[in-house]
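Heads up, the thing below is written out as C-alpha cells.
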2 protein chains.
Amino acid sequence: MWLYLAALLGLYFLHRWYQERQMVGNLTEKYVFITGCSSGFGNHLARHLDARGLWVLATCTTQKGAEQLDKVTSERLKTTVLDVTSKESVAAVTEWVKEQVGKKGLWGLVNNAGIGVPSGPNEWLTKDDFAKVINVNLLGLIDVTLHMLPLVRRARGRVVNVCSVNGCLACFGGGYCPSKFGVEAFSDTLRRELHPFGIKVSIVEPGSFRTPIQSKSAESYEPLWSRLPSDLKECYGQKYFEQCDKTLVFINF
Amino acid sequence: MWLYLAALLGLYFLHRWYQERQMVGNLTEKYVFITGCSSGFGNHLARHLDARGLWVLATCTTQKGAEQLDKVTSERLKTTVLDVTSKESVAAVTEWVKEQVGKKGLWGLVNNAGIGVPSGPNEWLTKDDFAKVINVNLLGLIDVTLHMLPLVRRARGRVVNVCSVNGCLACFGGGYCPSKFGVEAFSDTLRRELHPFGIKVSIVEPGSFRTPIQSKSAESYEPLWSRLPSDLKECYGQKYFEQCDKTLVFINF
C-alpha cells in the first residue's frame with residue numbers, strides 16, 4: 001500500500017518536473033518584437049509579456065496607439081510606429097530593433113498586424129480591395145519576417161505568425177481568406193527551411209474572437225452595395241444584400 | 001438465360017445513355033476565354049477546344065506567342081495580348097471579349113496564366129520577388145475573374161482556375177505556393193457565391209508536369225545565391241546551395 005503511494009507521488013513529481021522543463025526560462029533576458037499592438041491580440045500579448053518581464057518591442061500603426069500602450073506598460077516595453085506595407089518603414093524599424101537587441105538578437109518575432117476590410121461578396125469588390133488586404137496580411141508579414149530573420153537567428157529564436165481559422169477555411173469573399181491561406185503556405189516552407197538553424201516557426205489560427213479587427217471588419221455592406229452598378233444590384237437583389245448585412249451583425253455578435 | 005442477357009444489355013445501354021448525358025452539347029455555340037496560351041496547359045487547351053469546335057478566345061503575354069497559336073489553329077480561334085497584372089490591359093481585353101461573345105456570353109473562363117519564378121529558399125528572396133508572383137498568379141487571376149463574371153453569368157457558364165498541388169501543400173519558398181493557396185481560398189468562396197446563379201467554379205490542381213512554367217521556374221539558384229550578403233552565405237553554406245541546385249535539376253527532370 002505505502003509502496004503504491006510512494007510510486008504515485010514519484011510519478012506526480014516526475015510529471016511536474018517534466019512540465020516545468022517545458023517552461024521557457026530567463027524571460028527577463030529575452031526580446032520579443034510584436035507588430036499590430038494598438039489593439040486586439042497584439043496589444044494583449046504586449047502587455048502580458050511585459051508583465052512577465054520580457055523586453056517587448058511593440059509596433060503600432062499610429063503614434064496615438066503607441067502612446068496609449070506606453071502609458072499602461074513598464075519602461076522595459078518600447079514602442080514605435082510601423083506601416084508593414086511600406087518598405088522604408090520596415091527597413092527603419094529593423095534598424096531600431098537592431099539597436100535595441102544588440103548582440104542578444106530577437107528571441108521572438110510575432111507577426112500579428114493585419115486588417116480585415118474590405119471584405120464581402122467577391123463580385124462586389126475590386127482588385128484594389130483584394131490587394132489592400134493582401135499587402136498588409138501577407139506581403140507585409142513576409143517583408144517584416146525577411147528583415148528580422150538575421151536577428152532571430154542570432155538568438156535561435158522563434159517566429160509566430162498570427163494567422164486565422166480562415167487560413168484553412170475560406171468563409172467569405174475578399175482578400176482576407178486568400179491572404180491567410182498564403183500565410184499558411186509561407187509559414188510551412190519557412191518552418192522547414194529554418195529548422196536546421198534551431199529557429200521555430202509557428203502559426204496561431206484564432207477562430208471568432210471579438211477583437212477590433214472584427215468590429216472594424218465590416219459593420220455594413222452598405223458602402224459596397226451602394227457603389228454596385230444597377231444591373232449587378234438587380235442580379236443579387238435587395239433581399240440578398242439585406243440578408244448579407246444581417247449575417248454580418250450575427251458574426252459581429 | 002436470355003432474360004439475364006437482355007437485362008445486362010439493357011443496363012449497358014442505360015449506362016451509355018447516362019454517360020452521354022454528362023457530355024456537354026452544342027460545343028460549336030460556346031465561347032471559352034483562356035489566359036496564358038503561349039505555352040503549357042493554356043496552349044494545349046486552346047488547341048484542343050479549337051479542334052472540338054468551340055469558339056476559343058485565347059490570350060498570350062506576347063504578340064509572338066499569339067501569332068504562333070494563330071498559325072496552328074482554325075479561324076474560329078481568336079488571340080490577343082494580355083498582361084493580367086495591368087488593370088488597363090485587363091479592362092481592354094474585357095471589352096474585346098464582350099464584342100466577340102455578344103449576347104451569348106462566356107460559357108467558359110479558364111484562368112491559366114501564371115508564373116513560377118522567383119522561387120527558392122524564402123530568406124534568399126525579397127518582398128518584390130514574392131509580390132511579382134502573387135501579382136500574376138493571385139491578383140491577376142482575381143482581376144480577370146471580376147471583369148469577366150458578367151459575361152459568364154450571361155451564359156450561366158463556368159470558371160476554371162488552374163491552381164496547383166502547391167495550392168494544398170507548400171513545398172518550396174517564394175510567392176508561388178502562397179499565391180496558389182490564395183487561389184484555393186478565392187475559388188472556394190466564389191464557388192459558393194455563384195452557385196445560386198448557376199455558375200460553376202472549379203479548380204485544377206496539377207502535380208509535376210513538364211510545362212514551360214517549370215523549366216523556366218528556376219534553372220539554377222545561382223542568381224539568388226550570388227546576390228546574398230556574405231554573412232547569410234556563410235549561414236547556409238556552399239554545400240546547402242549546391243544541394244538545392246541539385247534538387248532543382250531533379251525537379252526539372
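The values are calculated or read from the model by the stated rules, or taken from the named source; none is laboratory data. All figures in this text were calculated on a predicted structure; none of them were measured in a lab. Using ideal geometry, Cβ is built from the backbone for each residue, glycine included, and neighbour counts are taken over all protein chains shown. The area values use the complete protein model at the heavy-atom level, side chains included, leaving out ligands, DNA and RNA. Shrake-Rupley method; radii C 1.70, N 1.55, O 1.52, S 1.80 Å.
Some notes on this structure:
- Length released on extending from residue B:104 to residue B:227, taking residue separation times 0.36 nm less the Cα-Cα span: 39.1 nm
- Using alpha-carbon coordinates, inclination of helix A:176-194 to the longest axis of chain A, degrees: 30
- The residues of the stretch B:27-246 have, on average, 44 Å² of accessible surface per residue, using a 1.4 Å probe with all protein chains present.
- Residue A:18-residue A:71 FRET efficiency (beta carbon distance; Förster radius 35 Å; 0.05 resolution): 0.30
- Helix B:2-22 and the longest principal axis of the Cα set of chain B meet at an angle near 60°.
- Summing charges over all other residues whose Cβ lies under 14 Å from the Cβ of residue A:146, with Lys and Arg as +1 and Asp and Glu as -1, gives -1.
- 10 Å Cβ neighbours from other chains, averaged over peptide B:145-151: 3
- Averaged over peptide B:122-133, the number of partner chain Cβ atoms lying within 10 Å of each residue's Cβ comes to 5.
- Between 0 and 90°, nearest 10: helix B:141-154 axis offset from chain B longest Cα axis: 10
- Theoretical gain in end-to-end length, residue B:85 to residue B:168 [0.36 nm per residue, Cα-Cα removed]: 27.5 nm
- Calculated mean residue ellipticity, 222 nm, the protein assembly as shown: -16500 deg cm²/dmol, from DSSP H runs (n ≥ 4) at -39500 (n - 2.57) each, averaged per residue and rounded to 500.
- Straight-line reach from residue A:200: taking Cα to Cα under 15 Å and skipping same-chain neighbours fewer than 8 places apart, the aspartates and glutamates in range are A:184, A:188, B:123.
- Pairs exceeding a 24 Å alpha-carbon distance, out of A:180/A:239; A:30/A:71; B:64/B:87: A:180/A:239.
- Residue-averaged beta-carbon neighbours from other chains (10 angstrom radius) around B:168-180: 5
- Relative to the other identical copies, residue A:2 shows label-point distances of 9.6 nm, where the label point lies 7 Å from Cα along the Cβ direction and values run shortest first.
- Charge tally around residue B:191: other residues with Cβ under 12 Å, Lys/Arg +1 each, Asp/Glu -1 each, net 0.
- Cut-off of 10 Å, at most 13 other beta carbons, DSSP loop: longest stretch of chain B lacking such GluC sites (Glu not before Pro): B:76-218
- The stretch A:107-229: relative contact order as a whole-number percent, Cα under 8 Å and 6+ apart: 34
- Using R0 = 60 Å, the C-beta based FRET efficiency linking residue B:1 and residue B:51 works out to 0.85.
- Distances between equivalent label points of residue B:126 across the copies, with each point positioned 7 Å along Cα→Cβ, amount to 2.9 nm, shortest listed first.
- Relative contact order, percent, chain A [alpha-carbon distance under 8 Å, six or more residues apart]: 16
- Cross-link pairs beyond the 21 Å C-alpha cut-off, checked among A:78/A:103; B:132/B:246; B:78/B:103; A:132/A:233: B:132/B:246; A:132/A:233
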